[in-house]
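Student: To start, I am sharing the structure in question, which I have written as structure tokens.
Readers should treat all values here as calculations from the given coordinates under stated rules, not as data from a laboratory. All values reported here derive from a predicted model rather than from experimental measurement. Glycine also receives a Cβ, built like all others from the backbone with ideal geometry; neighbour counts cover every protein chain displayed.
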């Protein structure tokens, strides 16, 4: 079993909060992690899957069921399928506020967070479990290039060969379009329309997004396109990186940039079948950019502020980070190990005056950081994540 980075923090919260939610995409390892946690709670445990008719039947009278198992740790999987549970959980917890009573799992963040945050405020700790991070994949022998190409879903990352990994991702995509969407939307949606929509936005990966133009090209309403995007973000498929804007006296681009969160899914949608083919594909730079941004977000556990910066005059930073201590970072992301730094990046540094400035390249752990005379650091991703990202905060 792969040790997940979040495990120790989740266990700590489980010993303090009466309920704990683990949210994340399907097949990211939530159930596996929850069952491991069950073995460490020190109390009897029960597991309920709300996609199981038998388990749903057991909750026909949930209040009686919960009180009959008051001393158990109860895990409820796909809890967003029964939102009526949330107000009841609040009442049950308030009558016996002991740690680790409930572990809630969900693969639709919008429904889960809305219901739980309103009903269980102060009674619940949230954790997002992503597919395998680069560090987690490394711990089981998967290198950066393979993780970048296959993505982080365990059954894709650890497949015995690339063909099997590709087939699994194809089936995952098909299941999402044909099954999961109906559950999330609570209504039928034509699978072919969503396939076209998801393929279209895969071509926009790493680009600023004009939703009206996107909707027009697909012949759908802008409101519908926004609804689809919200759904995909809530199901952990995409991320919309917001622009940084402040009163700098500059004309700024203010549309978000769109990224598929899992690089493996992006590559399947684009029909890239091998890692070697990715290296010569027009998507290479955008794919690497999205992969790096996602790994940084995961390494910082979504607790920093993440933006991009671009002006109409051409100043641009792929990622502008603000740490919890207020320190700022301008980051350029390049897929070449000997990158050409654009004037636009230097102009963004002049505008933003960050505490740190980096160019992130693939590299490897044996490659040294190159420090230029102006303080710009050219750094391999793994060294950046493992060393550089946190070290300056101690200064």
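Student: Specify whether the C-alpha gyration tensor of the stretch 147-218 places it in the rounded, prolate or oblate class, a ≥ b ≥ c being the square roots of the eigenvalues: rounded for a/c under 1.5, otherwise prolate if a/b is larger than b/c and oblate if not.
Tutor: Judged from the Cα gyration tensor, the stretch 147-218 comes out oblate (a/c at least 1.5, b/c at or above a/b).
Student: Could you calculate the contour length gain from residue 338 to residue 95, that is, 0.36 nm times the residue separation minus the distance between their Cα atoms, to one decimal place in nm?
Tutor: 81.3 nm
Student: If you don't mind, another one. Relative contact order of the stretch 7-128: what whole-number percent is it, with Cα pairs under 8 angstrom and at least 6 residues apart?
Tutor: Rounded, it is 42 percent for the stretch 7-128.
Student: Here's a follow-up. Evaluate the relative contact order of the chain (contact order divided by residue number), counting alpha-carbon pairs under 8 angstrom at least 6 apart; express in whole percent. Each step should come with its number before you reach the end.
Tutor: Values: 610 pairs, mean separation 47.7, N = 395.
RCO, the chain: 12 percent.
Student: Under the rule a/c < 1.5 gives rounded, and otherwise a/b versus b/c splits prolate from oblate, where does the stretch 318-395 land using the Cα gyration tensor?
Tutor: It is oblate, given that a/c is not under 1.5 and a/b is not larger than b/c.
Student: Rounded to the nearest 500, what is the chain's calculated 222 nm mean residue ellipticity when only DSSP H runs of at least 4 contribute -39500 (n - 2.57) each, over all residues?
Tutor: Per the formula, -11000 deg cm²/dmol.
Student: Between residue 220 and residue 161, what length comes free when the chain is fully extended (0.36 nm per residue of separation minus the Cα-Cα distance, one decimal in nm)?
Tutor: In short, 17.3 nm is gained.
Student: How would the stretch 7-128 be classified by its alpha-carbon gyration tensor: rounded, prolate or oblate, with rounded meaning a/c under 1.5 and the a/b versus b/c comparison settling the rest?
Tutor: Working: a/c = 1.16, a/b = 1.04, b/c = 1.11.
Note, shape of the stretch 7-128 comes out rounded.
Student: Taking neighbour counts of Cβ atoms within 10 Å as a proxy for exposure, in what order, fewest first, do 177, 75 appear?
Tutor: If I rank by nearby Cβ atoms, fewest first, I get 177, 75.
Student: Counting other beta carbons within 10 Å of each Cβ, put 142, 92 in order, fewest first.
Tutor: 142, 92
Student: Given 0.36 nm per residue, what is the gain on full extension from residue 82 to residue 281 after removing their alpha carbon distance, in nm? Working shown, then result.
Tutor: On the way: separation 199, 0.36 × 199 = 71.64 nm, distance 4.38 nm.
That works out to 67.3 nm of additional length.
Student: Given R₀ = 25 Å, FRET efficiency for residue 195-residue 145 by Cβ-Cβ distance, to 0.05?
Tutor: For residue 195 and residue 145, the calculated efficiency is 0.30.
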